[in-house]
Structure formats: C-alpha cells, structure tokens
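Asks: So that we are looking at the same thing, I have put the structure below in structure tokens.
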Amino acid sequence: MKIEFFCTYPGVLDTWPIEPISRAIPNWVRTAKQDYIANKSADNHSSHIFRCNGIGELYKQGYVVRAWHDFTVQATREQLKLQAPTEHLNKLGISIQHADTVSKFLPHRLGSCKSIIKCNTPWHLIAPCKFLMLPVAYSDNVDFEACIGILDPSVSTEINVQLYWNRFGDISKVKAGTPLCHLIPITEQTCELIVREKNENDTRWLEKRHYIWESNFVYNIQKMKELYRKFWK
C-alpha cells in the first residue's frame, strides 16, 4: 500500500521532509536506553522503562510532521500572539483558532491557552486509509501538544496541525524542524512511504479540489470524497 506525501512549497522537501516517527524519538528515550545498557545487572532491570513495549511501539508506527519554518508565540490564558520570519509566512503558515470560535467547546488543560494555534503546512497526503493525528508521545517539549483527530485524505488532503499552547508569559520560539504531530495509518497492511515534490497531476488535483471548496456555502464532504476516489483510483 502506497502512502504519498507531496509538498507544494519548494525547498521544504529538502530541509524538513515527512519522515518515519523513528527519526523523531525524544531525547529521554536515548538516555533511558543508555541507562538500561549500563545497568544490566540491576535487580529492577526487567521493569526498566526502556523495555516497555507499549511505549516503544509508538516510535515504530507512522510519520512525523515538523514545523517548516520558525515562529514565535506569546500567550496569556485568553489570547495568543504569533510571528513568523516574514509577512508572507505569517499569512501562509500560522493562524489562530480563537477561543470563541473553533476551540470554544473543547476542554483545555489548566495551563493551556483557550485559543489554539493552527499550523498550515505545504504537505498533502494521498493514501487509501485514514490516519490518527496525535501529539508526539512523551515529548521532551511540553510547551505545546497537537490536538487529536482523524485525518481522512478523501475529505481533505491538506495536513494542518492544530496545537494547544501550554506556556504563558515570555516569548517562545518554535524552530523549523520541531516535531509537531504524529500521523499513524489506520491499517494492518505494510506501507510504502513516498515523499516528493508536487507534480503536474497533483496540480490538477489541487485545482479540482479548490473548486469543491469554493463552490458551496457549506463544504460538501460527499462531493469531495467522490472527486478524491475518482481522481486517485
């Protein structure tokens, strides 16, 4: 089964491509491995965290989506201020789902801003299955965490990551290359990963897709699914 990610912004594929999640294992896992190896004779060796299959398997399944440009965040409980390196990326890459809109009814941690950051990426996904979108499990970075959901390419091929922000006060920087979320295909099949630049066929798809987006006052999910299945059969 092929899983294809294509990129619409030149240069991103060469710098921060979609990769297996094993390329984004948190630093503490490596530290735990070193401790495990160094203390093989310890009485509690059999219960060492490094032997936990439930955690270890997380870093063997699926793919990591990274920030494709720097941005800064300054937050209070009620609001967010975002800044990218250029005005172009401010409009293209990041936006805010304000507390009185999309995130109005979502539960938030006590230490989380009521508004949510939306990271628009230049990646699209073509695959015959749905995906779980999850935070990177047990991340070293607790400033943010991805919102959880299911990504269905037949509904939208775009990969956009919504982030809860958990740090208030000073200005924080999210650097290009920072892992944002974990995508896990919902399938038992072996997957062939293809990561590439946009081609002419993709351009035709995006043009057709754009028509469905703009042709109705309310997004027509059924028409989009029909178009997706017909185009990518």
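Asks: Among (1) in contact with a strand residue (DSSP E or B) (Cβ under 8 Å, 6 or more places away or on another chain); (2) touching a residue at least 24 places away in the same chain (Cβ under 8 Å), there is one condition Ser103 misses while meeting the rest; what is its number?
Replies: Answer for Ser103: the failing condition is (2).
Asks: Any chance segment 19-40 includes a residue that's open to solvent by 70 Å² or more (accessible area, probe 1.4 Å), in contact with a strand residue (DSSP E or B) (Cβ under 7 Å, 6 or more places away or on another chain) and not in a loop (DSSP other than H, G, I, E, B)?
Replies: Yes, some residue in segment 19-40 is open to solvent by 70 Å² or more (accessible area, probe 1.4 Å), in contact with a strand residue (DSSP E or B) (Cβ under 7 Å, 6 or more places away or on another chain) and not in a loop (DSSP other than H, G, I, E, B).
Asks: Asp43 is checked against (1) part of a helix (DSSP H, G or I); (2) modelled with pLDDT under 90; (3) among the acidic types (Asp, Glu) and fails just one. What number does that condition carry?
Replies: In the conditions (1) part of a helix (DSSP H, G or I); (2) modelled with pLDDT under 90; (3) among the acidic types (Asp, Glu), Asp43 misses (1) alone.
Asks: So, in segment 46-79, of the ones that are of a type in the set (Gly, Ala, Ser) and within 28 Å of Trp16 (Cβ to Cβ), which residue ends up modelled with the lowest pLDDT?
Replies: Out of the qualifying residues, it is Gly56.
Asks: Now for a separate question. Would you mind telling me which numbered condition in (1) under 24 Å from Val142 (Cβ atoms); (2) under 18 Å from the mean Cα position of the chain (by Cα) Thr15 fails?
Replies: (1)
Asks: Any residue in segment 112-133 that is without any contact (Cβ under 8 Å) to a residue 40 or more places away in the chain, over 20 Å from Ile159 (Cα atoms) and among the small types (Gly, Ala, Ser)?
Replies: Scanning segment 112-133, I find no residue that is without any contact (Cβ under 8 Å) to a residue 40 or more places away in the chain, over 20 Å from Ile159 (Cα atoms) and among the small types (Gly, Ala, Ser), so the answer is no.
Asks: So Asp14 clears everything in (1) open to solvent by less than 70 Å² (accessible area, probe 1.4 Å); (2) within 30 Å of Asn201 (Cα to Cα); (3) not hydroxyl-bearing (Ser, Thr, Tyr) except one condition, right? Which one?
Replies: (1)
Asks: Here's a follow-up. Scan segment 50-76 residue by residue and report those that are open to solvent by 10 Å² or more (accessible area, probe 1.4 Å) and aromatic (Phe, Trp, Tyr).
Replies: Phe50, Tyr59, Tyr63, Trp68
Asks: Taking Ser139, is it open to solvent by 20 Å² or more (accessible area, probe 1.4 Å), of a type in the set (Gly, Ala, Ser), without any contact (Cβ under 8 Å) to a residue 40 or more places away in the chain and within 27 Å of Gly11 (Cα to Cα)?
Replies: Considered against the rule, which asks whether it is open to solvent by 20 Å² or more (accessible area, probe 1.4 Å), of a type in the set (Gly, Ala, Ser), without any contact (Cβ under 8 Å) to a residue 40 or more places away in the chain and within 27 Å of Gly11 (Cα to Cα), Ser139 comes out as no.
Asks: Looking at Thr203 and the list (1) more than 25 Å from Leu89 (Cβ to Cβ); (2) hydroxyl-bearing (Ser, Thr, Tyr); (3) not in a loop (DSSP other than H, G, I, E, B), which single condition is not satisfied?
Replies: For Thr203, the failing item is (1).
Asks: Also, I was wondering about something else. State yes or no: is Leu58 touching a His at 6+ places or on another chain (Cβ under 8 Å) and hydrophobic (A, V, I, L, M, F, W, C)? Please lay out each step first, then the result.
Replies: Working: touching a His at 6+ places or on another chain (Cβ under 8 Å): yes; hydrophobic (A, V, I, L, M, F, W, C): yes.
Considered against the rule, which asks whether it is touching a His at 6+ places or on another chain (Cβ under 8 Å) and hydrophobic (A, V, I, L, M, F, W, C), Leu58 comes out as yes.
Asks: May I ask you to list the residues in segment 98-119 that are open to solvent by less than 30 Å² (accessible area, probe 1.4 Å) and not in a loop (DSSP other than H, G, I, E, B)?
Replies: Ile116, Ile117, Cys119
Asks: Out of the residues in segment 78-91 that are touching a His at 6+ places or on another chain (Cβ under 9 Å) and surrounded by fewer than 19 Cβ atoms within 10 Å (Cβ to Cβ), which is nearest to Val142 (Cα to Cα)?
Replies: Checked segment 78-91; the qualifying residue nearest to Val142 (Cα to Cα) is Gln79.
The values are calculated or read from the model by the stated rules, or taken from the named source; none is laboratory data. Please read these numbers as outputs of a predicted model, since none were measured by experiment. No Cβ is skipped: glycine too gets one built from the backbone with ideal geometry, and neighbour counts run over all protein chains shown. Note: accessible area is taken over every heavy atom of the protein model, side chains too, but ligands, DNA and RNA are not part of it. Shrake-Rupley method; radii C 1.70, N 1.55, O 1.52, S 1.80 Å.
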